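See structure below.
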Amino acid sequence: MRARYKTAFPLLMLLTLSLQSSSFSDDILRKKIAQMFILGFSGTTLSDTIHADLAARNLGGVIFMGANCASPVQIQNLTAAVRSSAQTPPFIAVDEEGDLVARLNAGNGFSATVSEYQLGTVWHSTDSTAHQAATMSGWLRSSGFTTDFAPVVDVNVNPQSPAIGALGRSYSSNPQTVALHSQAFIDQFHARGLMTTLKHFPGHGSATTDSHQQLPDITGTWADSELIPYRSLIGSHSVDMVMVGHLYNAHIDSLYPTSLSMRAITGLLRDTLGYQGVVITDDLYNMKAITDLYGREEAASLSINAGTDILLYVSNLMENGTSLLRHMIDTIEARVTSGAIPMSRIDESYQRTQALKARYILNSLSPPLTGPGVLPTRATLGNYPNPFNPATVLRYDLPQKSLVHLVVYNMLGQLVTTLADGVADPGTHEIRFDGNDRATGVYLARLEVRPLDGRGGHTVTTKLILIR
């Protein structure tokens, strides 16, 4: 374990400790319960309350929302503050799907991205999905995040579904296509040591209402085919977390919404689909689908008993400004003591979350990169869409100010066009390559980079596929 975490016991040792006193036992229970929460917080710096949640209460992780993200350097500093405050290495999560749901974007120093619908249905290109995922995962890795709450594996059953289809958040109406693009997305994040999350189980794509406003009833619109992406990705051992949506489906459970349902989580997801990993809820703080029907305490208790491992809240404060985590630890501890929540459920969830953290956070991730932001150590080059018709965008990233020479050749080695030739600043650059007057075939884009300090010059090449 790295020294920067002020852990009282080595991670995972809590699983095997012999508890010698009731006060010690209570403290261990409270620390285990705290690991079952990921919370949001306000501001672009670490507040006293979230610091106390991490340092004194052993909070399991945090989620960054748009208001937490002002610039690359600020984000990097904030994730570092989260890590240095935490007793146990934390999940540091963000929603980075693309387009409308992308916390790192052109407005805070990164770049604009496109929607899942654009990638999966309009461009219908897993190469483009992989390219964008490579870019986004690079941003997250160098910014200090550990976890992305993506990809969305909802099938686009209802293109007007207010929370999914209408926002372009589904790759396709074809569940196999959704699975393929999701796999391409996940592979890029795994290549950079980052966790991903499938959402929103068992499928939000047919809903006619938004769970932020009311509980969507998908009983008459949902189909078993919406489970195909889950079956495929679980079968390929690609799944780190599954986020369960706030949805009502009487065919699955006639009493409870899926996020609170043992039939949905333990029955369908774990027993039928064979998934044994971490399950997280969708937000339980602002979702009227839950808050209007269940009290906060009862919803948490039901969800834990249903088989959930992590409860997600986009705030860490109660309405009176006190710690939400402290209140929820008190509540769940009392219910464990009374027998309303079995101790075995807390232990199961603790084992799953700590095993996932050990696999990624301890074994895979180094501290975030230092320096001016999210720049690579060497230049990178890619394009999207690919294949393309009639145009594609070449994107290259520079770690420092350099002389660049970007050209396109055909497969005969003949120069087709020069796209860039001169000095370029560090950061991300995009240039359009128009294939309107070109023949169908494979082209090679070649980027030559010479840093102005004279060190580290190199060349990067990528294939461009034009299909008429």
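Data table
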{"read-out": "Residue satisfying all of: in the stretch 285-316; among the β-branched types (V, I, T) and open to solvent by 10 Å² or more (accessible area, probe 1.4 Å); nearest to F37 (Cα to Cα) among these", "value": "V314"}
{"read-out": "Which listed residue is of a type outside the set (V, I, T), part of a strand (DSSP E or B) and closer than 28 Å to Y360 by Cα, from L198, L268", "value": "L198"}
{"read-out": "L369 being of a type in the set (A, V, I, L, M) and modelled with pLDDT of 95 or more", "value": "no"}
{"read-out": "Breaking point among (1) within 17 Å of T44 (Cα to Cα); (2) in contact with a Lys or Arg (Cβ under 7 Å, 6 or more places away or on another chain); (3) not in a helix (DSSP H, G or I), for R83", "value": "(3)"}
{"read-out": "Residue identified as in contact (Cβ under 8 Å) with a residue 12 or more places away in the chain and touching a strand residue (DSSP E or B) at 6+ places or on another chain (Cβ under 8 Å) among A299, A264", "value": "A264"}
{"read-out": "Test: A250 is assigned to a helix (DSSP H, G or I) and among the hydrophobic types (A, V, I, L, M, F, W, C)", "value": "no"}
{"read-out": "Yes/no for G441 being free of Cβ contacts under 8 Å to residues at least 60 places away in the same chain and open to solvent by 50 Å² or more (accessible area, probe 1.4 Å)", "value": "no"}
{"read-out": "Every pair of residues 6+ apart whose Cβ atoms lie under 9 Å, when the first sits in the stretch 276-290 and is under 21 Å from E319 (Cα atoms) while the second is open to solvent by 20 Å² or more (accessible area, probe 1.4 Å) and in a strand (DSSP E or B)", "value": "A289/Y248"}
{"read-out": "Scan of the stretch 105-121 for residues that are assigned to a loop (DSSP other than H, G, I, E, B), touching a residue at least 40 places away in the same chain (Cβ under 8 Å) and not small (G, A, S), ordered by number", "value": "F110, V114"}
{"read-out": "Residue list for the stretch 199-224, filter: open to solvent by 50 Å² or more (accessible area, probe 1.4 Å), touching a residue at least 12 places away in the same chain (Cβ under 8 Å) and over 20 Å from A150 (Cβ atoms)", "value": "T208, Q213, Q214, D217, T221"}
{"read-out": "Pairs, first free of Cβ contacts under 8 Å to residues at least 12 places away in the same chain and buried (at least 19 other Cβ atoms within 10 Å of the Cβ) in the stretch 235-260, second basic (K, R) and not in a loop (DSSP other than H, G, I, E, B), C-beta under 8 Å, six or more apart", "value": "D253/R263"}
{"read-out": "Selection from the stretch 73-82 of residues that are in contact with a Pro (Cβ under 7 Å, 6 or more places away or on another chain) and either surrounded by 16 or more Cβ atoms within 10 Å (Cβ to Cβ) or at positive phi (or both)", "value": "Q76, T79, A80, V82"}
{"read-out": "In the stretch 336-352, the residues that are open to solvent by 60 Å² or more (accessible area, probe 1.4 Å) and among the charged types (D, E, K, R)", "value": "E348"}
{"read-out": "Test: residue in the stretch 209-229 that is under 23 Å from Y117 (Cα atoms), in contact with a Phe, Trp or Tyr (Cβ under 6 Å, 6 or more places away or on another chain) and part of a loop (DSSP other than H, G, I, E, B)", "value": "no"}
{"read-out": "All positions within the stretch 22-72 that are open to solvent by 10 Å² or more (accessible area, probe 1.4 Å), over 23 Å from the mean Cα position of the chain (by Cα) and of a type in the set (V, I, T)", "value": "T49"}
{"read-out": "Any chance Q188 is part of a helix (DSSP H, G or I) and over 22 Å from L312 (Cα atoms)", "value": "yes"}
{"read-out": "Top-ranked residue in the stretch 380-401 [being at pLDDT below 80 and either assigned to a loop (DSSP other than H, G, I, E, B) or aliphatic (A, V, I, L, M) (or both); ranked as most open to solvent (accessible area, probe 1.4 Å)]", "value": "P387"}
{"read-out": "Among residues of the stretch 43-64, those that are assigned to a loop (DSSP other than H, G, I, E, B) and in contact with a strand residue (DSSP E or B) (Cβ under 8 Å, 6 or more places away or on another chain), counted", "value": "3"}
{"read-out": "Of all residues in the stretch 128-181 being assigned to a helix (DSSP H, G or I) and among the β-branched types (V, I, T), the one that is nearest to D282 (Cα to Cα)", "value": "V178"}
{"read-out": "The stretch 443-463, subset modelled with pLDDT of 90 or more and more than 14 Å from L403 (Cα to Cα), residue nearest to the chain's Cα centre (by Cα)", "value": "A445"}
{"read-out": "Complete set of residues in the stretch 140-166 that are open to solvent by 10 Å² or more (accessible area, probe 1.4 Å) and under 12 Å from the mean Cα position of the chain (by Cα)", "value": "R141"}
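The values are calculated or read from the model by the stated rules, or taken from the named source; none is laboratory data. Please read all numbers here as calculations on a predicted model, not as lab measurements. Glycine also receives a Cβ, built like all others from the backbone with ideal geometry; neighbour counts cover every protein chain displayed. When the accessible area is computed, the model is the full protein with side chains, heavy atoms only, and any ligands, DNA or RNA have been set aside. Shrake-Rupley method; radii C 1.70, N 1.55, O 1.52, S 1.80 Å.
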